[in-house]
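Notes follow the structure.
The values are calculated or read from the model by the stated rules, or taken from the named source; none is laboratory data. What you see is a predicted model; the values in this text were computed from it and never measured. For neighbour counting, all protein chains shown are included, and Cβ atoms are generated from backbone atoms with ideal geometry for every residue, glycine included.
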Amino acid sequence: MTKEKVLFVCVHNSARSQMAEAYLNKFGRDRFIAESAGLEPGTLNPLVVEVLKEEGIDISNNTTKSVFELFKEGRLLSYVITVCDKEAAERCPIFPGVRDYINWSFKDPSKIKGDYDAKLNATRTIRDQIKNQILEWIKEFDNIKSKE
């Protein structure tokens, strides 16, 4: 079976898109190849690294990438899923041949206020929301494929 190529995009590729990529590669590895990139690549969020380690996923060696560089490389993708707000998502380039563009809006962990524990707990909440969305999307995808 040919794997579907999925690109997750957020603003900095430092948190939300990294989590989505990690979860899809973990739970959908037999059906998907996931990557992530950002509109304005930043630095990997250490809280995201920490909360994913709690789940047994190590992204500490990941780098942030530019969605525009991937576009220039002529990447062939099945799906582009933005995980930022709709306004930021609209800045994403249009990749040729993409089957579907999807927007899942999650809160930006870098904008969370409070002390370390408050930021960590809020990042866990966002992590869990992304994980649940990925699991639901895989289930929907499998249902559609089983009817084809």
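Just to be sure before I move on: is T64 within 20 Å of N25 (Cα to Cα), under 16 Å from the mean Cα position of the chain (by Cα) and hydroxyl-bearing (S, T, Y) in the structure I sent? Yes. Are any residues in segment 40-95 among the aromatic types (F, W, Y) and at pLDDT 95 or above, and if so, which ones? Result: Y79, single match. Please go through segment 15-37 and pick out each residue that is within 15 Å of the chain's Cα centre (by Cα), over 20 Å from R75 (Cβ atoms) and assigned to a loop (DSSP other than H, G, I, E, B). If the condition is that a residue be within 15 Å of the chain's Cα centre (by Cα), over 20 Å from R75 (Cβ atoms) and assigned to a loop (DSSP other than H, G, I, E, B), then A15 is the only one that fits. Quick test for you: out of G114, G97, pick the one residue that is touching a helix residue (DSSP H, G or I) at 6+ places or on another chain (Cβ under 8 Å), in a loop (DSSP other than H, G, I, E, B) and on the phi > 0 side of the Ramachandran plot. Testing whether each residue is touching a helix residue (DSSP H, G or I) at 6+ places or on another chain (Cβ under 8 Å), in a loop (DSSP other than H, G, I, E, B) and on the phi > 0 side of the Ramachandran plot leaves just G114. Taking every residue in segment 38-59 that is part of a helix (DSSP H, G or I) and of a type outside the set (D, E, K, R) and pairing it with any residue that is modelled with pLDDT of 95 or more and surrounded by fewer than 14 Cβ atoms within 10 Å (Cβ to Cβ), at least 6 positions away or on another chain, the pairs with Cβ-Cβ distances below 6 Å are V49/S60. Could you tell me which residue of segment 10-39 is surrounded by the fewest Cβ atoms within 10 Å (Cβ to Cβ), considering only residues that are at pLDDT 95 or above and aliphatic (A, V, I, L, M)? Residue satisfying both the conditions and the ranking: I33.
The C-beta contact set for segment 71-84 (first residue in contact (Cβ under 8 Å) with a residue 24 or more places away in the chain, second residue buried (at least 24 other Cβ atoms within 10 Å of the Cβ) and among the aromatic types (F, W, Y), distance under 7 angstrom, 6+ apart or interchain) comprises I81/F8; V83/F8.
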